[in-house]
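Asker: Here's a structure for you.
The values are calculated or read from the model by the stated rules, or taken from the named source; none is laboratory data. Just so we're clear, the structure is a prediction, and the values are computed from it rather than from any experiment. All Cβ positions, even for glycine, are placed from backbone atoms using ideal geometry, and neighbour counts span all protein chains on display. These area figures cover heavy atoms from the full protein model, side chains too; ligands, DNA and RNA do not enter into them. Shrake-Rupley method; radii C 1.70, N 1.55, O 1.52, S 1.80 Å.
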Amino acid sequence: MALLQNIPALVVLERFPVPVLAIAEDGTILFANTAFGEMVGRDTDAVKRMQFAEVFHSLPADESAVSVMRAHAGLLVDLVHDDGSIVRARMSKSALLRGDDPVALATFQDLTERLWAEEL
């Protein structure tokens, strides 16, 4: 238990084997783990230099990014891969549950290949 109490949250999030993204209300990307970067074909520093509208292909960019992420929790979202292709992923609810949290932190499940196979 002592080990768990001493591990910083960002270290834990980085080690998650699933893609994780944290975004601020203004669309600034605050955190992306390596798994998220790999899913969109970028390193984490490149992801953190991007804005909400550059990552999310078809979600409204004229509203609070946190509100948009909450509204689309549990749904398929289109993410822009570095090569210009679209990555289809299911976005979780934000792990930050208070309505006044200025940040949304979500995980993603890449469903691109499975959806392609179902369409064939």
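Asker: Hey, can you tell me all the residues within the range 26-38 that are within 10 Å of the chain's Cα centre (by Cα) and in contact (Cβ under 8 Å) with a residue 24 or more places away in the chain?
Answerer: I29, F31, F36
Asker: Further question on the same structure: Out of V47, V77, report the one residue that is in contact with a strand residue (DSSP E or B) (Cβ under 9 Å, 6 or more places away or on another chain), under 17 Å from L13 (Cβ atoms) and at pLDDT 95 or above.
Answerer: Working: V77 fails: under 17 Å from L13 (Cβ atoms).
That would be V47, the only listed residue that is in contact with a strand residue (DSSP E or B) (Cβ under 9 Å, 6 or more places away or on another chain), under 17 Å from L13 (Cβ atoms) and at pLDDT 95 or above.
Asker: Another question about this same structure. What are the residue pairs meeting all of these: first residue in the range 69-98, first residue farther than 13 Å from F56 by Cβ, second residue open to solvent by 70 Å² or more (accessible area, probe 1.4 Å) and in a strand (DSSP E or B), Cβ atoms under 6 Å, and 6 or more apart or on different chains?
Answerer: So the pair list comes out as R90/Q109.
Asker: Every residue in the range 1-41 that is among the small types (G, A, S), within 18 Å of Q109 (Cα to Cα) and either in a loop (DSSP other than H, G, I, E, B) or open to solvent by 50 Å² or more (accessible area, probe 1.4 Å) (or both), please.
Answerer: If we filter the range 1-41 for residues that are among the small types (G, A, S), which is where we start, we get 2, 9, 22, 24, 27, 32, 35, 37, 41.
Okay, now just the ones that are also within 18 Å of Q109 (Cα to Cα), so 22, 32, 35, 37, 41.
Of everything in the range 1-41, just one residue is among the small types (G, A, S), within 18 Å of Q109 (Cα to Cα) and either in a loop (DSSP other than H, G, I, E, B) or open to solvent by 50 Å² or more (accessible area, probe 1.4 Å) (or both), namely G41.
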